[in-house]
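None of the figures in this text is laboratory data; all of them are computed from the coordinates on show. Since we're looking at a predicted model, the values are computed, not measured. As a convention, Cβ positions derive from the backbone with ideal geometry for all residues, glycine included, and neighbour counts pool all protein chains shown.
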Amino acid sequence: MIITTTHYMLLSAALFTLGIIGVMTRRNVIIILMSIELMLNAVNINFIAFSHQLQNVVGQVFAVFVIVVAAAEAAVGLGIILAFYRNKETVNIDEMGLMRW
Amino acid sequence: MDLIWLIPLLPGLGAAINGLVGVRFFSKRTAGIVACSFMGAALALALYAFWQLLGLPAEAREHTVRVAPWIASIPLQLSNGTVGRFFIPWGFRLDPLSGMMILVVTGIGFLIHVYSIGYMHGEPRGGYARFFAYLNLFVFFMLMLVLGDNFVVMFVGWEGVGLCSYLLIGYWYEKKSASDAGKKAFIVNRIGDWGFIIGMFLIFTTFGSLDFREVANAAGAMPTETASFGLLSVITLLLFVGATGKSAQIPLYVWLPDAMEGPTPVSALIHAATMVTAGVYMVGRNAVLFSHAPMTMQIVAVIGVATAFMAATIGLVQNDIKRVLAYSTVSQLGFMFLAMGVGAFAAGAFHLMTHAFFKALLFLCSGSVIHAMAGEQDMRHMGGLKKYMPVTYVTMLIGTLAIAGIPPLSGFFSKDEILYRTFLSNRIIWGFAVVTALMTAFYMYRLMSLTFFGAYRGPAWDAGGGHGHAAHNGHDNHGANHAATGHGGGGHGGHGEWHGPHESPRSMTFPLQVLAVGALIAGFVGVPAALGGPNTIEHFLEPSFVARAVVAGPSTAHATNTVPALSEPASAGESKGETAGTAAHALETDAPAGEHAAEGTHEMSWWGEMALMALSVFVGVIGILVAFRFYVRSPEIAERLAQRWAGPHRVLSNKYYVDELYEATVIAGTMASARGLWVFDARVVDGGVNGTGWLTMFSAWFSSLIDKYIVDGLVNLVGTVLEESSFVLRRLQTGLIQNYALFMLFGVFAFVSVYLLMR
């Protein structure tokens with residue numbers, strides 16, 4: 001069986017959906033952050049698949065770029081979470097309402 | 001003669017020195033010497049100037065010196081539509097009339113200064129210097145008054161002497177009556193000055209000048225206002241109002257008797273010899289104006305004789321020695337105005353001069369008596385002073401005979417001249433004047449009798465243990481010597497140790513003797529033609545009373561090139577022909593025109609004149625004899641008469657209740673109107689102010705309401721609306737991150753859906 005672009009897209013959609021569900025439903029900020037990584041990687045799969053199909057290297061470059069951004073995002077996000085935890089002793093997203101009116 | 005401006009300045013300098021330095025630092029001796037020496041210098045200068053004046057030919061005896069411009073030329077609209085130049089120089093003019101006046105002022109002023117050294121001896125040091133400063137200041141202003149060559153300079157002196165009069169009457173200002181009298185004199189004089197100043201305004205708008213000579217020339221060219229009460233009559237009447245104030249005539253005479261509260265030298269100098277004659281002088285100075293207004297002349301004559309008569313009747317019954325003399329002064333001033341009123345300007349001025357001598361003498365004698373009696377002024381407590389103070393007695397007797405009109409003393413010639421001219425003019429007025437002369441002789445001799453004759457009625461004194469009367473005389477002589485060396489005491493206070501009546505010190509008797517000589521011989525300058533005399537003074541003074549073209553001598557030219565003079569030859573030349581022609585006999589032709597029965601037609605025979613003269617001597621003698629009989633021979637007659645005529649006596653004693661009348665009418669009216677004005681002020685003016693304030697407060701309150709509820713309300717409304725609306729909108733901000741993420745997801749779905757569906 002030949003693995004076509006459609007298969008990649010289905011995989012990517014499945015991963016993306018998992019990520020969204022994770023972001024929407026979990027209360028632990030770290031899990032949410034991990035779910036975001038999942039969504040980014042789903043996008044990466046898409047980029048690579050189309051790059052391959054269209055024989056265009058820009059998609060791969062973009063994927064590498066996304067990985068760099070994801071790494072930075074993870075670093076900043078974890079830093080924030082760490083600082084927050086030191087103050088409030090929690091990582092529950094429902095208790096993060098400090099900026100509310 | 002170009003230095004005549006120094007004559008007023010010298011006493012002014014003395015006043016400045018004594019007033020600024022002397023009050024603090026000078027001893028009594030220094031203060032007196034400073035004042036007297038400046039007066040002496042002024043007298044010497046005046047004598048020199050007068051001598052020079054006599055050296056000129058009669059028609060050139062008019063010399064003007066303009067020291068400096070005062071008010072630079074201001075163009076002002078005149079009543080005839082042209083534009084006049086209101087130009088006032090510090091100008092001084094010496095002519096026969098002012099020459100006579102400066103001699104009287106400096107001469108008598110000098111003697112009174114000398115007299116004051118003795119009289120004021122008991123005063124404290126500062127007060128002594130103050131007194132002399134005021135006295136010098138007075139002489140300064142008086143000389144300004146008589147020497148000024150225009151109305152404004154004269155007015156400066158006029159007001160200045162009023163001020164000094166006020167200061168000197170109130171010299172003993174701790175005494176309520178003295179300060180009240182000073183205020184009364186000042187205020188009454190202001191009423192007169194009102195007339196004077198309005199008169200000055202009218203003169204300027206009419207003639208376009210305030211220079212005496214120019215006004216006289218211009219007025220001389222105008223027709224005599226025989227039939228109608230015209231502009232000249234109004235002007236002269238206003239000037240006369242000023243004169244009544246200064247010279248104590250009806251109705252403004254009330255201040256003069258009260259002015260006797262001042263020290264006696266002041267009464268002698270200011271309120272007898274000089275200042276009160278300023279009104280007479282002013283009328284004489286404007287003789288041309290007055291002689292062109294016969295109606296005013298009539299009024300002047302009537303007021304003069306009425307004042308003379310009324311004051312003489314009051315003088316009959318007064319008991320205060322100085323008050324008798326004060327009413328006598330008012331009466332004699334009335335005589336002077338009578339003379340002015342009948343056109344006998346020279347006679348009036350002559351009487352002014354002789355009166356200055358004998359009235360100053362009488363006042364100084366009364367001061368000597370008061371001094372001797374340690375401040376007692378009531379004649380009922382005197383008597384028999386003849387043997388204690390012989391010099392005073394003799395000099396005062398001379399003064400009394402002079403005022404009574406006994407020949408050949410000075411008063412006879414001047415008073416007789418007035419009576420004669422009055423007789424020619426109006427027989428009724430003449431009758432009153434003769435009765436007044438009779439009363440004058442009577443009350444003056446009454447004064448002499450009560451003071452010097454009869455028995456001594458005063459307080460007893462410590463005669464030095466058991467000494468008899470004879471022994472006392474020796475003691476008294478000692479007392480007199482003692483007084484001469486510096487004891488003495490003020491005329492008002494009282495001696496610490498009184499040794500009974502004594503003759504006054506040398507500095508006081510010397511002026512008495514000089515003035516007595518003056519009172520004796522001053523009349524000889526005016527011996528009337530009927531007695532074979534040349535009547536020198538009348539011919540001497542006449543040029544001052546007539547309109548005449550300005551004499552443009554070389555000396556005047558000298559004055560004009562230093563200061564721009566305003567003598568313009570145009571108007572002078574225009575009226576020259578007319579005025580110069582009438583000048584010689586202007587007095588004879590102008591004055592009596594109209595009702596004043598022309599003298600030319602009424603000229604009396606020699607016998608008639610002699611008869612009048614004899615009559616006036618006769619009434620004088622009668623008055624003296626009656627007084628002698630009443631008060632020396634048999635004093636009970638006077639008592640009995642006073643009881644028999646109790647009503648009239650009371651009226652006279654109370655001075656016709658004129659003061660009370662003024663109190664009830666003028667003063668009460670003034671007070672009532674003042675009170676009314678005060679009420680108006682308190683209610684209406686203050687009410688207006690308060691109302692404005694209240695209105696402001698109300699509008700401010702109202703405006704605060706608007707601010708508070710409308711402006712603030714709008715601002716708050718905006719806020720409230722925003723706040724309320726935000727209440728709804730902020731519900732969106734849940735603060736739940738996943739909520740936001742859900743919205744984003746929906747949004748993405750929505751966009752993607754739209755994108756897909758629209759494709």
Full extension from A:GLU95 to A:MET34: what is 0.36 nm times the residue separation minus their Cα-Cα distance, to one decimal in nm? 20.0 nm
Angle between chain B longest axis and helix B:321-341 axis [Cα atoms, degrees, rounded to 10]: 90
Around B:SER73, which amide H atoms from residues at least 5 apart in sequence, or from another chain, sit under 5 Å from its own amide H, with H modelled in the peptide plane? none
Nearest 10, in degrees from 0 to 90: the angle of helix B:176-207 to the longest Cα principal axis of chain B is 80
If each of B:ALA674 and B:THR720 carries a label point 7 Å out from its Cα toward its Cβ, how far apart are those two points in nm? 6.4
Summed over the other residues with a beta carbon less than 11 angstrom from that of B:GLN738, with K and R at +1 and D and E at -1, the charge totals +1
Taking every C-alpha to C-alpha distance in chain B and binning by 10 Å from 0, the per-bin percentages run 3, 13, 22, 22, 15, 8, 4, 2, 2, 2, 2, 2, 2, 2, 1, 0, 0
To make sure I understand, if each residue's beta carbon is the centre and we count other beta carbons within 10 Å, what order do A:LEU40, B:LEU53, B:LEU722 fall in, fewest to most? B:LEU722, A:LEU40, B:LEU53
Would you work out which of B:ASN535, B:LEU143, B:GLN733 lies farthest towards the positive end of the dipole of the protein assembly as shown? Charges go on Cβ: Lys and Arg +1, Asp and Glu -1. B:GLN733
Environment charge of B:MET613, counting only residues whose C-beta is closer than 15 Å and scoring Lys/Arg +1, Asp/Glu -1: -1
Taking only Cα atoms, what is the 0 to 90° angle, nearest 10, from helix B:686-705's long axis to the longest principal axis of chain B? 10
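Would you mind calculating the relative contact order of the range A:5-93 from Cα pairs under 8 angstrom and at least 6 residues apart, reporting the percent as a whole number?
RCO, the range A:5-93: 31 percent.
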Any idea which of B:LEU364, B:GLY383, B:THR422 is furthest toward the positive side of the dipole for the range B:307-464, if Lys and Arg beta-carbons carry +1 and Asp and Glu beta-carbons -1? B:THR422
Rounded, prolate or oblate: which fits the range A:5-93, taking a ≥ b ≥ c as square roots of the Cα gyration tensor eigenvalues, rounded meaning a/c under 1.5, else prolate when a/b beats b/c? oblate
Go through B:PHE212, B:VAL715, B:HIS292 and say which Cα lies farthest out towards the positive end of the charge dipole of chain B; charges sit on Cβ, +1 for Lys and Arg, -1 for Asp and Glu. B:VAL715
Starting with the fewest neighbours, write out A:GLU95, B:GLU159 ranked by other beta-carbon atoms found within 10 Å of each beta-carbon. A:GLU95, B:GLU159
In sequence order, what are the phi-derived ³J(HN,Hα) couplings for the range B:449-455 according to the Karplus relation 6.51 cos²θ - 1.76 cosθ + 1.60 with θ = phi - 60°, rounded to whole Hz, with x for glycine and proline? 4, 5, 8, 9, 9, x, 8
Normalise the Debye intensity by I(0) for the range A:14-60, one equal point scatterer per Cα, no solvent, then take log10 at q = 0.29 Å⁻¹ and round to two decimals. -0.89
Expected sort for B:ILE191, A:ILE20, B:ILE418, B:ILE624 with the fewest Cβ neighbours (10 Å cutoff) up front is B:ILE191, A:ILE20, B:ILE624, B:ILE418
If I model a spin label as a point 7 Å beyond the Cα along the Cα-Cβ vector, how far apart are those points for A:THR5 and B:ARG633 in nm? 17.3
Using only the alpha carbons, work out the radius of gyration and Dmax of the range B:111-249 in angstrom. 18.6, 61
Please compute the net charge surrounding B:PHE335, taking Lys and Arg as +1 and Asp and Glu as -1 over other residues with Cβ under 12 Å from its Cβ. +1
On the formula 1/(1 + (r/R0)^6), with r taken between the Cβ atoms of B:HIS539 and B:LEU397 and R0 of 30 Å, the FRET efficiency rounded to 0.05 is 0.40
Give, rounded to the nearest 20 debye, the magnitude of the charge dipole that the protein assembly as shown has about its Cα centre when Lys and Arg contribute +1 at Cβ and Asp and Glu contribute -1 at Cβ. 1600
Gyration tensor (Cα) of the protein assembly as shown, equivalent ellipsoid semi-axes in angstrom: 109, 37, 27
